[in-house]
1. Somewhere in the stretch 155-162, is a residue at positive phi and at pLDDT 95 or above?
2. Being in a helix (DSSP H, G or I) and over 23 Å from residue 293 (Cβ atoms) is the filter here, so list the residues in the stretch 328-353 that pass it.
3. Under the condition of being over 26 Å from the mean Cα position of the chain (by Cα) and assigned to a strand (DSSP E or B), which residue from the stretch 295-322 is nearest to residue 241 (Cα to Cα)?
4. If residue 292 meets every condition in (1) surrounded by fewer than 18 Cβ atoms within 10 Å (Cβ to Cβ); (2) outside any loop (DSSP other than H, G, I, E, B); (3) at pLDDT 95 or above apart from one, which number is that one?
5. Looking at 198, 190, 219, 157, which one is surrounded by 21 or more Cβ atoms within 10 Å (Cβ to Cβ), assigned to a helix (DSSP H, G or I) and within 21 Å of the chain's Cα centre (by Cα)?
6. Quick one: residue 142 ticks every box in (1) surrounded by fewer than 16 Cβ atoms within 10 Å (Cβ to Cβ); (2) on the phi > 0 side of the Ramachandran plot bar one, so which box is it?
7. Taking only the stretch 251-276 into account, find how many residues are in contact with a strand residue (DSSP E or B) (Cβ under 7 Å, 6 or more places away or on another chain) and farther than 18 Å from residue 321 by Cα.
8. So which residues in the stretch 175-187 are surrounded by fewer than 17 Cβ atoms within 10 Å (Cβ to Cβ) and part of a helix (DSSP H, G or I)?
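The values are calculated or read from the model by the stated rules, or taken from the named source; none is laboratory data. Since the model is a prediction, treat every value here as computed from it, not as a measurement. Every residue, glycine among them, receives a Cβ derived from its backbone with ideal geometry; neighbour counts consider all protein chains shown.
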């Protein structure tokens, strides 16, 4: 591929995008964009934060709930931390929710409720890194910023036949993506490349026959597209273990605690538990505890096994940790995924008296 072909490549992809763009609740369709409808930076930012390490299918309902409840960045900035963390429960990577609040409050406090319009300005906000800044600048403001996620890396590796494995190839793939980023419609182009990777240039069984870039694709010409991008073999994840205590009082109230703001599951509501170092820990309230099984959950860097201990607790018992939450205020949907797994495993062991 010659450098002079870049504008032609982007034009071909934009023509494909105009006909095949995915419908998403945070996206302005290409026909509306051409008619003058401008993307809302708040919705672009919110969707990009939610989509980190998560699939589009998983994010759609969360995005709708968030924007129904907090339709502007000012609404989100004014929300209680616990309410936002509760709505985020189940999406994982909970530091994103804390960063979400910090960023919303910075936009309101320091920028009058208006997101900066440039990539460099966006990078000054808490929780916004190079990828997210590029995505907002390109999609919301049509800055010719290069947006590179996993889909784009895969497309570039195949298009240019880059055989160096990831993550070592990231810088080279970004440079190649920059060569194709157009000045005209860079926001639509960024979304087009991501759509191409998500729907046609997929990790397995890419649909090369209907790809708008099938003819110049070097990997397809060599018949090696399915094997790219190559990836360095990852080390096995360690396994950590702990105990979780699930107690219910005679009046139906559940013993819960809010975790410390820092660390995994920071700020989230959950059940008292031990450290995840294999030790037993100290019971949070005096009771006849029974072990009921275990739950398993995988985080980014390790696997977790939690032994679940349950107990019925008499009225008047004083816990050393946490507090009893009345049944009318207890929402399992507010629990992070690992806590909800423990709840689902043990809930049938209790029945209100």
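1. Within the stretch 155-162 (the criterion being at positive phi and at pLDDT 95 or above), the answer is yes, since at least one residue qualifies.
2. Initially, the stretch 328-353 is screened for residues in a helix (DSSP H, G or I), giving 328-329, 332-334, 337-349.
The answer is 328, 329.
3. Taking the stretch 295-322 first, the residues over 26 Å from the mean Cα position of the chain (by Cα) are 307-322.
Next, from what is left, pick out any that are assigned to a strand (DSSP E or B): 307-313.
Working: 307: 8, 308: 11, 309: 14, 310: 17, 311: 20, 312: 24, 313: 25 Å.
Here the answer is 307.
4. All conditions pass for residue 292, except number (3).
5. On the way: 198 fails: surrounded by 21 or more Cβ atoms within 10 Å (Cβ to Cβ); 219 fails: within 21 Å of the chain's Cα centre (by Cα); 157 fails: within 21 Å of the chain's Cα centre (by Cα).
Matching residue, one of 198, 190, 219, 157: 190.
6. In the conditions (1) surrounded by fewer than 16 Cβ atoms within 10 Å (Cβ to Cβ); (2) on the phi > 0 side of the Ramachandran plot, residue 142 misses (1) alone.
7. 0
8. The answer is 175, 178, 179.
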